[in-house]
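A.B. asks: Below you'll find the structure I mean.
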Amino acid sequence: MSASTTAPSLKLWHSVPGAVWLILLLYLALALGYNFVFPPFEPTDEFPHFRYIRHLIERRSFPVMTLDDPSEFHQPPGYYLLAAGLSAAAPADDFADYRQRLNPYWGYRHWEPGFDNKNLYVHGPWDLWPFRQTSLAVHAARLASLLLGCVTVMFTYQLARAWLDEATSTAATGAVAFQPMFLAVSGSLQTDAGSAALGAVILWLGLRLYQSGFTYRRALALGAVIGLGALFKLTISFLIGPITLLLLWWAWRRREPLPRTLGCLALLGLGAALVAGWWYARNQLIYGEPTGLGIDLETYGSQPVALGVRLWPQSVPYAWTSFWGRFARGDLPLPDWIYALLTVLSALAVAGVILRVVVRREPSDRTPVLFLAIASLTEIAGLMTVLTLTPSGYFGRYVFPALSALMSLFVFGLQFYAGGRARTAVTFAAPAGLFTLSSLTLVFYLYPAFNPPPAVAQLPPGAAPLEAPLGDVALVKGYEVNTNRARPGDEVYLTVYWRPLNRTELPYSVFIHLLDDEDTVVAQRDTYPGLGRNATTSWEPGRMFADRYKVVLPDTAYASNSTHWEVGLWQADTGERAFLVDASGQPVASGAAIPGPAIEARKGGTVNPVDLNFGDELRLQGYALPTRLLTPGKPFDLTLHWGQQGNPGRALEFFVHVRAADGSTWAEGAFRVQTGEQVIQPLLAAGTPPGVYDLIVGVYTEGDNGPERLKWLGVDGHEIGDEVRLTGLRVKSP
């Protein structure tokens, strides 16, 4: 390893190799791609970040956070001032309109990769190139992240070059430049872009001053840079500890006099206070404490430390995956195998760093490795503190002040496993792999998640043709069903081919109902067309497209049972439907009918096997109904199969309700639980109107304050509810 021992110089960039400049150009291309692909306000917290920017532009003052207005107004102003300067010329007169463009179906099965309702906002021509109004202002403001990203990339090279050879330093630079989450941050409004940039500068400057020697003037300058960082992101302050340790280690090794050491430390603090002190003094006056975190926790919520620690098994893996890349609001994860591979590589890198330092005792001066490791661990400890204190603090990008250190150590550690000619391949495998991953993510993952489905010229050979006009809004031109048989709990996919007829003033939702032979709903989906990406307020008439709807059959779905699909359009605000019309334009049905799969019973000892856990005390293992066509004023037979879970030690009862869509109950029965097969006969009220109803079951016990319902628990133990819908029922006329 080689490392220069000269003092920091303004001529840093004269010796940068061409490969690093190429990495910078590739970074710029990818970061701009992320900028263009993300519509306004889809990245995490971008809406409140933009509010802060517009406040600076329009009111020319710093905003103040209040408890009744959740915002980012408590944040330091550095990033926002830069973004405001870049976007001030762009008007944002339609900014308020975005509040009316929310996608009500956002977050459907949010933990899954894919393109199904990942967009929080409805997007249309107002967001497309050439950008204008708010869209232009957002894309322009994002250039602040791009510029700060360039600083991060270039100072990562300088930081690595201070203790590593040129090839390894270049690879570390590429590993930062092509890290997927870093590119996503660089292409959106995120203050973490500032923390990454200033973190890289602070770490480089600290390491170079350790090598060339601290002076009073240099300590003051380093403190000023730390203060500048603290005006961009509070997480920068975690680096003060490692920098202080580095200075003390330098002083001890050089046998510096104590007064000189204390003087350097004092000037380090003075430099930070001169640059950033005014902001934190302002916070003290306004909020009663200097950081602004107090009002942030009050507004967004905090949690007891003990609860935060108990949640580590969920929050820590989320933070880890979001460090590498969970996009939008975390609901656009990468496939699990990618995280698994990155986890293995990271574990190998950590082991490689330890083995190189301890076993091979390299490099000759191991202080840079220890310094960067301590800085990384300090930022990780800060993240752990935040995610412990608040349920919203689990984003891995909070460690970005140490991103340049982390990725330098990542490459350095992986080098342990190869020597000779193979070392070059291993060294550049990390940036090459991350470049490939980030490029493919941009083109094949993010772009489809936020853009309308591609146009379809004609039905594919496997699609069944259909000509079903839904008012003057759309034609259903065809469909495909992935299976003709399914079991409870299965995922069934229905593909519908739509041809828009007209753009609408109000958005229509698509409803997908799977109905059984009693015309009761087995399963359903509601979504905007395009799985949220092609609302009727923005679609192009005549442009046919395909939607592939995932419908998950409930575990309690009644079997055996024939089904059919009903597909239609309705307005959530008005309840209006685009009815299926005949050749004369007269409405004939609420939607288009499509053959559905036959529902078969799962294997088990009952007619309809299920496995429903109530409070870890009782399990419903199956049910049976001789008929689901009920008569008002008469009882009906219901067989339940109960299995005891553990030893509850108390009497359990259950209720059975027949409930209408409006919430009214037309049969109420309470029964003592009998384990094994239990046959009951709830009575349907005499005045029950004809129609479709739900059969509801729940378990309870008598507590000190009355009946206490047991929670229905999922497989992983999370609470789903305190009752379960078994199936649909139809009530006939008496």
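A.B. asks: Return the pair list, or none, for Cβ contacts closer than 8 Å from residues in the range 467-483 that are closer than 9 Å to Ala592 by Cβ to residues that are surrounded by fewer than 16 Cβ atoms within 10 Å (Cβ to Cβ) and among the hydrophobic types (A, V, I, L, M, F, W, C), at least 6 apart or on different chains.
C.D. replies: Sorted first by the residue in the range 467-483, then by its partner, the pairs are Tyr479/Ala464.
A.B. asks: Please give the number of the condition Thr291 fails out of (1) surrounded by fewer than 18 Cβ atoms within 10 Å (Cβ to Cβ); (2) on the phi < 0 side of the Ramachandran plot; (3) out of contact with any helix residue (DSSP H, G or I) (no Cβ under 9 Å at 6 or more places or on another chain).
C.D. replies: The one condition Thr291 does not meet is (3).
A.B. asks: Give me the pairs, please: first residue somewhere in the range 89-106 and in the same structural domain as Lys118 (by TED's automatic domain parsing), second residue anywhere and polar (S, T, N, Q) and in a loop (DSSP other than H, G, I, E, B), beta-carbon distance under 8 Å, and either six or more positions apart or on two chains.
C.D. replies: Asn103/Asn117; Asn103/Asn119; Tyr105/Asn117; Trp106/Asn117; Trp106/Asn119
A.B. asks: Additional query: Please work out which residue is surrounded by the fewest Cβ atoms within 10 Å (Cβ to Cβ), limiting yourself to the range 86-114 and to residues that are among the charged types (D, E, K, R) and in a helix (DSSP H, G or I). Lay out the reasoning, then the answer.
C.D. replies: First pass over the range 86-114, keeping only residues among the charged types (D, E, K, R): 93-94, 97, 99, 101, 109, 112.
Retained after the next criterion (residues that are in a helix (DSSP H, G or I)): 97, 99.
Numbers: Asp97: 11, Arg99: 9.
Among them, the one singled out is Arg99.
A.B. asks: Further question: Of all residues in the range 619-632 being touching a Gly at 6+ places or on another chain (Cβ under 8 Å) and not in a strand (DSSP E or B), which is farthest from Glu723 (Cα to Cα)?
C.D. replies: Of everything passing the filter in the range 619-632, Pro632 is farthest from Glu723 (Cα to Cα).
A.B. asks: Let me ask something else about it. From Trp204, Trp163, grab the single residue that is under 26 Å from Arg253 (Cβ atoms), assigned to a loop (DSSP other than H, G, I, E, B) and not charged (D, E, K, R). Outline the logic, then answer.
C.D. replies: On the way: Trp204 fails: assigned to a loop (DSSP other than H, G, I, E, B).
From the options Trp204, Trp163, the qualifying one is Trp163.
A.B. asks: Let me ask you something else. Based on what the data block shows, is Val153 crowded, with 24+ Cβ neighbours inside 10 Å, part of a helix (DSSP H, G or I), over 22 Å from the mean Cα position of the chain (by Cα) and among the hydrophobic types (A, V, I, L, M, F, W, C)?
C.D. replies: Details: crowded, with 24+ Cβ neighbours inside 10 Å: yes; part of a helix (DSSP H, G or I): yes; over 22 Å from the mean Cα position of the chain (by Cα): yes; among the hydrophobic types (A, V, I, L, M, F, W, C): yes.
Judged against the criteria, Val153 is a match.
A.B. asks: Another question, if that's okay. From the list Phe238, Phe232, Phe214, which one is under 40 Å from the mean Cα position of the chain (by Cα), assigned to a loop (DSSP other than H, G, I, E, B) and of a type outside the set (Ser, Thr, Tyr)? I'd like the intermediate steps shown before the answer.
C.D. replies: On the way: Phe238 fails: assigned to a loop (DSSP other than H, G, I, E, B); Phe214 fails: under 40 Å from the mean Cα position of the chain (by Cα).
When all the criteria are applied, what remains is Phe232.
A.B. asks: Moving to a separate point now. Among the residues of the range 495-510, are any under 17 Å from Ala572 (Cα atoms), part of a strand (DSSP E or B) and touching a strand residue (DSSP E or B) at 6+ places or on another chain (Cβ under 6 Å)? Full working, then the answer.
C.D. replies: Step one: of the range 495-510, the residues under 17 Å from Ala572 (Cα atoms) are 503-510.
Next, only the ones that are part of a strand (DSSP E or B) stay: 509-510.
Now restrict to residues that are touching a strand residue (DSSP E or B) at 6+ places or on another chain (Cβ under 6 Å): 509-510.
Taking every residue of the range 495-510 in turn, at least one turns out to be under 17 Å from Ala572 (Cα atoms), part of a strand (DSSP E or B) and touching a strand residue (DSSP E or B) at 6+ places or on another chain (Cβ under 6 Å).
A.B. asks: Can you give me the number of residues within the range 477-492 that are touching an Asp or Glu at 6+ places or on another chain (Cβ under 8 Å) and in a strand (DSSP E or B)?
C.D. replies: Counting residues in the range 477-492 that are touching an Asp or Glu at 6+ places or on another chain (Cβ under 8 Å) and in a strand (DSSP E or B) gives 3.
A.B. asks: Of the residues Val656, Val697, Val692, only one is assigned to a strand (DSSP E or B), modelled with pLDDT under 90 and either touching a Pro at 6+ places or on another chain (Cβ under 7 Å) or closer than 25 Å to Leu515 by Cα (or both); which? Steps first, answer last, please.
C.D. replies: On the way: Val656 fails: modelled with pLDDT under 90; Val697 fails: modelled with pLDDT under 90.
None of the other options fit; the residue is Val692.
A.B. asks: The conditions are (1) modelled with pLDDT under 90; (2) closer than 30 Å to Arg310 by Cβ; (3) surrounded by 16 or more Cβ atoms within 10 Å (Cβ to Cβ), and Val715 fails exactly one of them. Which is it?
C.D. replies: (3)
A.B. asks: Tell me yes or no: at least one residue of the range 572-592 is over 34 Å from the mean Cα position of the chain (by Cα), closer than 21 Å to Gln458 by Cα and not in a helix (DSSP H, G or I).
C.D. replies: Yes, because at least one residue in the range 572-592 is over 34 Å from the mean Cα position of the chain (by Cα), closer than 21 Å to Gln458 by Cα and not in a helix (DSSP H, G or I).
A.B. asks: Name the single residue that is surrounded by the most Cβ atoms within 10 Å (Cβ to Cβ) among those in the range 115-139 being free of Cβ contacts under 8 Å to residues at least 60 places away in the same chain and not aromatic (Phe, Trp, Tyr).
C.D. replies: Ranking the candidates gives Leu136 first.
A.B. asks: Would you point out which residue out of Val309, Val344, Val353, Val305 is assigned by TED's automatic domain parsing to the domain that holds Asp192 and crowded, with 16+ Cβ neighbours inside 10 Å?
C.D. replies: On the way: Val309 fails: crowded, with 16+ Cβ neighbours inside 10 Å; Val344 fails: crowded, with 16+ Cβ neighbours inside 10 Å; Val305 fails: crowded, with 16+ Cβ neighbours inside 10 Å.
The match here is Val353.
A.B. asks: Got at least one residue in the range 66-85 being out of contact with any helix residue (DSSP H, G or I) (no Cβ under 9 Å at 6 or more places or on another chain), aromatic (Phe, Trp, Tyr) and either crowded, with 18+ Cβ neighbours inside 10 Å or touching a residue at least 60 places away in the same chain (Cβ under 8 Å) (or both)?
C.D. replies: No, because not a single residue in the range 66-85 is out of contact with any helix residue (DSSP H, G or I) (no Cβ under 9 Å at 6 or more places or on another chain), aromatic (Phe, Trp, Tyr) and either crowded, with 18+ Cβ neighbours inside 10 Å or touching a residue at least 60 places away in the same chain (Cβ under 8 Å) (or both).
A.B. asks: One residue is enough: does the range 119-129 have a residue meeting the conditions under 22 Å from Phe47 (Cβ atoms), of a type in the set (A, V, I, L, M, F, W, C), within 24 Å of the chain's Cα centre (by Cα) and outside any loop (DSSP other than H, G, I, E, B)? Reasoning before the result, please.
C.D. replies: First, the residues of the range 119-129 that are under 22 Å from Phe47 (Cβ atoms): 119-129.
The next check asks that each one be of a type in the set (A, V, I, L, M, F, W, C); those that pass are 120, 122, 126, 128-129.
Adding the requirement that they be within 24 Å of the chain's Cα centre (by Cα) leaves 120, 122, 128.
After this cut, where a residue has to be outside any loop (DSSP other than H, G, I, E, B) as well, the list is none.
Within the range 119-129 (the criterion being under 22 Å from Phe47 (Cβ atoms), of a type in the set (A, V, I, L, M, F, W, C), within 24 Å of the chain's Cα centre (by Cα) and outside any loop (DSSP other than H, G, I, E, B)), the answer is no, since none of the residues qualifies.
A.B. asks: Pairs, please: C-beta under 9 Å, at least 6 apart or cross-chain, first residue within 21 Å of Thr701 (Cβ to Cβ) and assigned by TED's automatic domain parsing to the domain that holds Leu311 and in the range 713-727, second of a type in the set (Lys, Arg) and at pLDDT 90 or above?
C.D. replies: Matching pairs, first to second residue: none at all.
A.B. asks: So for the range 316-337 (the condition being assigned by TED's automatic domain parsing to the domain that holds Glu112, in contact (Cβ under 8 Å) with a residue 40 or more places away in the chain, farther than 23 Å from Leu440 by Cβ and assigned to a helix (DSSP H, G or I)), does at least one residue qualify?
C.D. replies: At the first step, the residues of the range 316-337 found to be assigned by TED's automatic domain parsing to the domain that holds Glu112 are 316-337.
Of the ones still in play, those that are also in contact (Cβ under 8 Å) with a residue 40 or more places away in the chain are 316, 318-335.
If we keep only those that are farther than 23 Å from Leu440 by Cβ too, we end up with 316, 319.
Now drop any that are not assigned to a helix (DSSP H, G or I), which leaves 316, 319.
Looking through the range 316-337, at least one residue is assigned by TED's automatic domain parsing to the domain that holds Glu112, in contact (Cβ under 8 Å) with a residue 40 or more places away in the chain, farther than 23 Å from Leu440 by Cβ and assigned to a helix (DSSP H, G or I).
A.B. asks: Out of the range 473-506, which residues are closer than 30 Å to Arg725 by Cα and either buried (at least 16 other Cβ atoms within 10 Å of the Cβ) or in contact with a Gly (Cβ under 8 Å, 6 or more places away or on another chain) (or both)? So that I can check it myself, show each step before the final result.
C.D. replies: Initial filter on the range 473-506 (closer than 30 Å to Arg725 by Cα): 479-496.
Listed by number, the residues that qualify are Tyr479, Glu480, Val481, Ala486, Arg487, Pro488, Asp490, Val492, Leu494, Thr495, Val496.
A.B. asks: Is it the case that some residue within the range 228-250 is over 24 Å from Gly382 (Cβ atoms), of a type in the set (A, V, I, L, M) and in contact with a helix residue (DSSP H, G or I) (Cβ under 8 Å, 6 or more places away or on another chain)?
C.D. replies: Within the range 228-250 (the criterion being over 24 Å from Gly382 (Cβ atoms), of a type in the set (A, V, I, L, M) and in contact with a helix residue (DSSP H, G or I) (Cβ under 8 Å, 6 or more places away or on another chain)), the answer is no, since none of the residues qualifies.
A.B. asks: Where residues in the range 585-609 are touching a His at 6+ places or on another chain (Cβ under 8 Å) and among the small types (Gly, Ala, Ser), which of them is surrounded by the fewest Cβ atoms within 10 Å (Cβ to Cβ)? Spell out how you get there, then give the answer.
C.D. replies: So the first thing to find is which residues in the range 585-609 are touching a His at 6+ places or on another chain (Cβ under 8 Å), and the list is 591, 593-596, 605-606.
Of the ones still in play, those that are also among the small types (Gly, Ala, Ser) are 591, 593, 596, 605.
Values: Gly591: 22, Ala593: 16, Gly596: 25, Gly605: 9.
Within the range 585-609, the match that is surrounded by the fewest Cβ atoms within 10 Å (Cβ to Cβ) is Gly605.
Residue by residue, here is whether (1) under 19 Å from Gly174 (Cβ atoms); (2) in contact (Cβ under 8 Å) with a residue 24 or more places away in the chain; (3) within 20 Å of the chain's Cα centre (by Cα); (4) in a helix (DSSP H, G or I) holds:
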position	(1), (2), (3), (4)
Ala405	yes, yes, no, yes
Phe412	yes, yes, no, yes
Gln415	yes, yes, no, yes
Thr427	yes, yes, no, yes
Pro448	no, yes, yes, yes
Pro461	no, no, no, no
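A.B. asks: Here's another thing I want to ask about it. Looking only at residues in the range 361-392 that are touching a residue at least 12 places away in the same chain (Cβ under 8 Å) and not in a helix (DSSP H, G or I), which one is nearest to the chain's Cα centre (by Cα)?
C.D. replies: Among those that are touching a residue at least 12 places away in the same chain (Cβ under 8 Å) and not in a helix (DSSP H, G or I), it is Ser392.
Residue by residue, here is whether (1) buried (at least 20 other Cβ atoms within 10 Å of the Cβ); (2) modelled with pLDDT of 95 or more; (3) closer than 30 Å to Thr235 by Cα holds:
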{"position": "Tyr398", "(1), (2), (3)": "yes, yes, yes"}
{"position": "Leu403", "(1), (2), (3)": "yes, yes, yes"}
{"position": "Leu406", "(1), (2), (3)": "yes, yes, yes"}
{"position": "Leu409", "(1), (2), (3)": "yes, yes, yes"}
{"position": "Phe412", "(1), (2), (3)": "yes, yes, yes"}
{"position": "Tyr417", "(1), (2), (3)": "no, no, no"}
{"position": "Gly433", "(1), (2), (3)": "no, yes, yes"}
{"position": "Ser439", "(1), (2), (3)": "no, yes, yes"}
{"position": "Val443", "(1), (2), (3)": "no, yes, no"}
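The values are calculated or read from the model by the stated rules, or taken from the named source; none is laboratory data. Nothing here was measured: the structure is a model prediction, and the numbers come from that model. Note that each Cβ is placed from the backbone with ideal geometry, even for glycine, and that neighbours are counted across all protein chains shown.
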